[in-house]
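Colleague: Sending over a structure as structure tokens; questions will come in a sec.
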Amino acid sequence: MNRKNVVLAMCMAGFFTIIPSVISNVYATNVKYERINLTKRIYTEVKLIKKPLKKHITKHKNKSGTWKRHLKKQEEFTYGIKQQILSAKMRKKWREDNISYETQINLNDIKNKYTNNKVEKKQKNKSVDLGVSDYRLNQGPDVEVGIISGDHEVQINAIDNFKIIADGKLLKEDYKGESLLFSRDNNKVKLNGKQVGSTIYLKSDGEAPFSVKGNRYRGIMKVIPARWNSGLTIINILPMENYLRGVIPREIIPSWKIDAIKAQAVAARTYAIFHKNGYRSAGYDVTADTRSQMYGGYSAETNSTDKAIRETEGEILTYNGSPIDAVFSANAGGYTENSENVWGSKVHYLRGVPEVPYSVIDTPWTKEFTFQTFSDSLNKHGINIGKLKNIKLSKLKKGPMSVSDRGISGRVKYIEVEGEKGTKRITGENMQIIFDLDSTLFDLNVKNKGKKIEIIGYGDGHGLGLSQWGAQAMAEKYGDGKNYYRRILSHYFTDTKIEKIY
């Protein structure tokens, strides 16, 4: 055998010896779970998540204006973690109590109501005209927003002339520059110390006639005894389009691209239609906080958001002919989630989809704990496992994922923790509550030679439906300033249509 053949034979032997070993090793590491054994040497062997390249962050930090502005705006428009979790739980419970099937709200009924009410308004008895009707010309249905509930005294300042109507009777008119102090007397409302009735309306033709706690409001103010406590409930009643003018600037950043703002406007309008009467037992349709949508009244309005609302007037999202539950969160962290992994029930238009890469979306958040602090936090919330030994959780990868303990986006459905007293399963939602996390899209890492646990995650909020920062990313990269918002909405709300209902 010549030298050339000898070399070739050696290469072939090496090839058939090494390859099976490599395949075996790859297969061995491709297991369903990676167990974190909390020992002194394991920290060098386990790497649960690959952190984003620092060059992406550095690129934006060097542009001080862009990066600092992004972070500042994100702080200003990000709600507290506990508030977000409460919001998600409230929405989940609302659906369980109120939604029996997704076609409960019929679009034709809404359109017919709009047509009929325009006719009825002309024939209405005008003895005491509150100006409150279900629909107004090109302004949509009236929305009743609960802005205060439980305060024992509430001061409302009058900016323009207005009328006071108590229990259907005109009490007084031509107020201006007055400061009215409302309080409660059993099941009645007192005005400046005098009992006046159980349902009080303040009505004006002014642009933004009322001021409450430093915020100015359009429309009508309604004062009633609170249903669930001993204080008062203050309700702002105004047409849908004016309501949105106080919502959109509080939900997104007004300097964003117009397509992102339009997408938010359509989603917010749809959400308000779907959730009308959602808090009727308390006397109103929606709240002014994250349980529904943030609402700041006239004081929040901006030119850019007003423009987006005008250019999408009357447009809502529908699925199979019905308005959808157009939920949204600040940032999905790269991939949105399927509804059943958050609410426990499948909603056909809330499917997990990928996001366009973007600085805020791609930037991780981290939290770090000693093993003792980690165990103490679990014990404090009734998860008593003794000294922590192991944690079992699938490694986080870029969505879509298909493992039992994570959703399609990679959000944690549950983790298993093992201690001296046994093993417990903890839901991702409970992990978020216990450790005050921004989202359930997280992974675990062992640091400092096995002395600390790092939680590293992405996203901000529940991750269902529209991602607000994701919409901005799409608008910046592809937006045309006209109709691209429709593409954004169809991306985040699967198989939906945009329909104009007024």
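Colleague: Could you identify the single residue in THR290, THR305, THR270 that is touching a strand residue (DSSP E or B) at 6+ places or on another chain (Cβ under 7 Å), of a type in the set (Val, Ile, Thr) and touching a residue at least 40 places away in the same chain (Cβ under 8 Å)?
Modeller: None of the other options fit; the residue is THR270.
Colleague: OK, next. When residues of segment 212-267 are filtered for being more than 11 Å from GLY297 (Cβ to Cβ), open to solvent by less than 20 Å² (accessible area, probe 1.4 Å) and either aromatic (Phe, Trp, Tyr) or not in a strand (DSSP E or B) (or both), how many remain?
Modeller: Qualifying residue count for the region: 18.
Colleague: Here's a follow-up. In this structure, is TYR295 crowded, with 19+ Cβ neighbours inside 10 Å, touching a helix residue (DSSP H, G or I) at 6+ places or on another chain (Cβ under 9 Å) and in contact (Cβ under 8 Å) with a residue 24 or more places away in the chain?
Modeller: yes
Colleague: Just checking, which of GLY470, GLY410, GLY461 is on the phi > 0 side of the Ramachandran plot and modelled with pLDDT of 95 or more?
Modeller: Just one listed residue meets the conditions, GLY410.
Colleague: Which ranges mark the strands (runs of 3 or more DSSP E) fully within segment 376-493 that have 3 or more residues being open to solvent by less than 40 Å² (accessible area, probe 1.4 Å)? Steps first, please.
Modeller: Working: elements: 388-393, 414-419, 422-427, 442-447, 452-457.
By residue number, 388-393, 414-419, 442-447, 452-457.
Colleague: Quick one: is SER329 touching a residue at least 24 places away in the same chain (Cβ under 8 Å), surrounded by 23 or more Cβ atoms within 10 Å (Cβ to Cβ) and in contact with a His (Cβ under 8 Å, 6 or more places away or on another chain)?
Modeller: Working: touching a residue at least 24 places away in the same chain (Cβ under 8 Å): yes; surrounded by 23 or more Cβ atoms within 10 Å (Cβ to Cβ): yes; in contact with a His (Cβ under 8 Å, 6 or more places away or on another chain): yes.
For SER329, the condition - touching a residue at least 24 places away in the same chain (Cβ under 8 Å), surrounded by 23 or more Cβ atoms within 10 Å (Cβ to Cβ) and in contact with a His (Cβ under 8 Å, 6 or more places away or on another chain) - is met.
Colleague: State whether the residues of segment 437-444 include one that is under 16 Å from ASN390 (Cα atoms) and in contact (Cβ under 8 Å) with a residue 60 or more places away in the chain.
Modeller: Checked segment 437-444: at least one residue is under 16 Å from ASN390 (Cα atoms) and in contact (Cβ under 8 Å) with a residue 60 or more places away in the chain.
Colleague: Have a look at ASN338, ASN320 and point out the one that is at pLDDT 95 or above and surrounded by fewer than 23 Cβ atoms within 10 Å (Cβ to Cβ).
Modeller: On the way: ASN320 fails: at pLDDT 95 or above.
Unique residue meeting the criteria: ASN338.
Colleague: Is there a residue being within 23 Å of GLY463 (Cβ to Cβ) and in contact with a Pro (Cβ under 9 Å, 6 or more places away or on another chain) anywhere in segment 312-330?
Modeller: Yes, the conditions are met somewhere in segment 312-330.
Colleague: Checking the condition under 23 Å from the mean Cα position of the chain (by Cα) and over 16 Å from GLY382 (Cα atoms), which residue from THR440, THR427 passes? Don't jump to the end; show me each part of the working.
Modeller: Numbers: THR427 fails: over 16 Å from GLY382 (Cα atoms).
Step by step, each of THR440, THR427 is checked, and only THR440 is under 23 Å from the mean Cα position of the chain (by Cα) and over 16 Å from GLY382 (Cα atoms).
Colleague: Is one or more of the residues making up segment 336-359 within 20 Å of TRP469 (Cβ to Cβ), in a strand (DSSP E or B), in contact with a strand residue (DSSP E or B) (Cβ under 8 Å, 6 or more places away or on another chain) and among the hydroxyl-bearing types (Ser, Thr, Tyr)?
Modeller: No, there is no match, as no residue in segment 336-359 is within 20 Å of TRP469 (Cβ to Cβ), in a strand (DSSP E or B), in contact with a strand residue (DSSP E or B) (Cβ under 8 Å, 6 or more places away or on another chain) and among the hydroxyl-bearing types (Ser, Thr, Tyr).
Colleague: Go through segment 184-209 and report how many residues are small (Gly, Ala, Ser) and either surrounded by fewer than 19 Cβ atoms within 10 Å (Cβ to Cβ) or within 33 Å of the chain's Cα centre (by Cα) (or both).
Modeller: 4
Colleague: Confirm whether LEU181 is part of a strand (DSSP E or B) and open to solvent by 70 Å² or more (accessible area, probe 1.4 Å).
Modeller: So LEU181 does not fit the description; no.
Colleague: Also, quick follow-up: Looking at ALA308 and the list (1) more than 24 Å from MET240 (Cα to Cα); (2) modelled with pLDDT of 95 or more; (3) touching a helix residue (DSSP H, G or I) at 6+ places or on another chain (Cβ under 8 Å), which single condition is not satisfied?
Modeller: (1)
Colleague: Restricting the search to segment 274-298, which residues are in a helix (DSSP H, G or I) and either modelled with pLDDT of 95 or more or among the acidic types (Asp, Glu) (or both)?
Modeller: Within segment 274-298, GLY297, TYR298 meet the criteria.
Colleague: Which members of segment 360-375 meet the condition of being crowded, with 17+ Cβ neighbours inside 10 Å and of a type in the set (Ser, Thr, Tyr)?
Modeller: THR363, SER375
Colleague: Let me ask you something else. Take THR312 and tell me if it is open to solvent by less than 30 Å² (accessible area, probe 1.4 Å), among the hydroxyl-bearing types (Ser, Thr, Tyr), out of contact with any Phe, Trp or Tyr (no Cβ under 9 Å at 6 or more places or on another chain) and closer than 30 Å to PRO239 by Cα.
Modeller: So THR312 does not fit the description; no.
The values are calculated or read from the model by the stated rules, or taken from the named source; none is laboratory data. If you're wondering where the values come from, they're calculated on a predicted model, not measured in any experiment. No Cβ is skipped: glycine too gets one built from the backbone with ideal geometry, and neighbour counts run over all protein chains shown. All accessible areas refer to the heavy atoms of the entire protein, side chains included, with ligands and DNA or RNA removed. Shrake-Rupley method; radii C 1.70, N 1.55, O 1.52, S 1.80 Å.
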